[in-house]
Amino acid sequence: MFKPLLLSALFAASAATFPLSAHAVPEEAFQPAFATFMQAGGGDTSAIDRAADAFAALLKTEPTNPVLMAYSGAATSMKATTTWLPWKKMAHAEDGLAQLDKALAMLTPAHSAVVQNGTPGNLEVKLVAANTFLAVPSFMNRHERGVKLVKDLLASPALAGTPKAFQASVQKAAVQAKLAGVAQ
């Protein structure tokens, strides 16, 4: 259901510890979930349920955290690749996409502060959403929104101040979105 190339490059953001902001969960809680998510995004299907469970648990502790909601939504969407039952595929995909939509809607100027992985929360949410939107099948009508989010990321003045790994992930998303003028 998801494009393997995108899943393998889903989120190569830096995993180093950075100062916490008001919207961040402690790194010792976030990093294990993030590492499992990266495994899942790298193609380890056995990590998908663990990543979804880990971010769902973190989200219960901070239900208004759009970064946690975005990762939870992306992991939930990835669960669509773990079942053969069409109604379960659709339920996982739709539930995850709904969480991503909610995470995007929750973004405010306060989320431009660095949260996890040395990245402003609003940029991280947009990248997680863009990668997921670009990965779902075309009949889910998310590709154009994914392309718009990637364009927003590329146009953001804050992108230059993010870790190099995050910038590389944005470039990979731009290539996936087939945006002209992106270094490959």
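The values are calculated or read from the model by the stated rules, or taken from the named source; none is laboratory data. Every value quoted in this text rests on a predicted model; they were computed, and no experiment measured them. Glycine also receives a Cβ, built like all others from the backbone with ideal geometry; neighbour counts cover every protein chain displayed.
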### Options Ala174, Ala158: the member that is touching a strand residue (DSSP E or B) at 6+ places or on another chain (Cβ under 9 Å), aliphatic (A, V, I, L, M) and either under 21 Å from Ser112 (Cβ atoms) or modelled with pLDDT of 95 or more (or both)
Ala158
### Query
If you go through region 128-153, how many residues are basic (Lys, Arg) and not in a helix (DSSP H, G or I)?
1
### Task
Assess whether Ala168 counts as being part of a helix (DSSP H, G or I), touching a residue at least 12 places away in the same chain (Cβ under 8 Å) and out of contact with any helix residue (DSSP H, G or I) (no Cβ under 9 Å at 6 or more places or on another chain).
yes
### Query
Scanning region 102-125 for residues that are surrounded by fewer than 17 Cβ atoms within 10 Å (Cβ to Cβ) and not aliphatic (A, V, I, L, M), which turns out nearest to Ala177 (Cα to Cα)?
Lys102
### Summary
Those residues of region 126-184 which are charged (D, E, K, R) and buried (at least 18 other Cβ atoms within 10 Å of the Cβ) amount to Lys126, Arg142, Lys172
